[in-house]
Amino acid sequence: MAIPVKLEVFEGPLDLLLHLIDKNKIDIYDIPIVVITEQYLDYIRQMETSDMNVMSEFLVMAATLIDIKCRMLLPKEVDEEGVEEDPRAELVQKLLEYKMCKFMSMELRDRQVDAARNLYREQRLPPEVAAYRPPVNYEELIGDMTLSKLHEIFKSIIKRQENKIDPIRSQYGNIEKDEIDMDVKTLYVEAYAREHKQFSFRKLLEKQTSKMEVIVTFLIILELMKTSKITISQEAIFEDIMITSLL
C-alpha cells in the first residue's frame, strides 16, 4: 500500500526552485543544475493537479532545466568578447528578480499588518474650549484705513466702469435690471481670497462687469473685514489698498 505524501504548495516554478535552493543551502550564483533538476523533476512526478495551466508552467520550467543541464555537458560557448557564457545566467537572473519581488510583497504585507494595529483617539475638547474664539482687535485690523479712503477707491472704480460704456451703442436695446445673487457673489469673493491670499482691492473691483457687481463686491469686502476674514492695509496715501485673506 502506497504511503500518501502531502506536498508543499508553491506559487509557481520559480517559487519551487527558490525553495530547493534554500533547502539545499546552495549559492544562487553557482547552482548545481544536476541536483536541482533531479529534485525538481521528482516534485513534478508527485504533483496531482487538474489545472493544466498550472501544470504547464512547471513542465516548461522542467524542460528549461533539462536544456540547461544538456548545455552544461557541452563545450562552453564564448561570446564576442571572449568570455565563456554560463547557461544558468538567464535562470539566475529570473530567480533574483522573483526573490526581490517576493521580499517586497512580504514587506508590504508586514507594513499592512502593522498599520492595522494603529488606533487613533478622536479629539475631545471641552465645549467651552471648542467654542472659544480669540478676540478681534478692530484697530489693528483696520490699521490706517478709513471710510473716506475706501470711498475714493470706490468712486474711481465706478468712474472707470462708466468710461467702458459706449455712449452710442449703450442707447440701444432694452434696459434690464441686474440680478446679483449676494450669496453666490460672496462665495466668489471668498474663493478669490483663498486662491490669491494677498491681492489688490482695485484689481478685484476691476474684474466686475457692471456697476451693480462693483457695489455688491464692495459691500462683501466690508462684511469680510467686519467678520475678520480679511485684513486691509495701505502703505501710503493714494497707494493701492492691499487685502490679505485670513480664510
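Values in this text are rule-based calculations from the coordinates and carry no lab data. In this text the structure is predicted, and so the values were computed from the model without any measurement. Neighbour counts run over all protein chains shown; Cβ positions are idealised from the backbone, glycine included.
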Please list, ordered by first then second residue, the pairs with beta carbon atoms under 6 Å, 6 or more apart or interchain, first in the range 66-86 and among the basic types (K, R), second surrounded by 12 or more Cβ atoms within 10 Å (Cβ to Cβ) and part of a helix (DSSP H, G or I).
K69/I33; K69/T37
Can you tell me which of R121, R109 is out of contact with any helix residue (DSSP H, G or I) (no Cβ under 8 Å at 6 or more places or on another chain), closer than 24 Å to I21 by Cβ and of a type outside the set (S, T, Y)?
R109
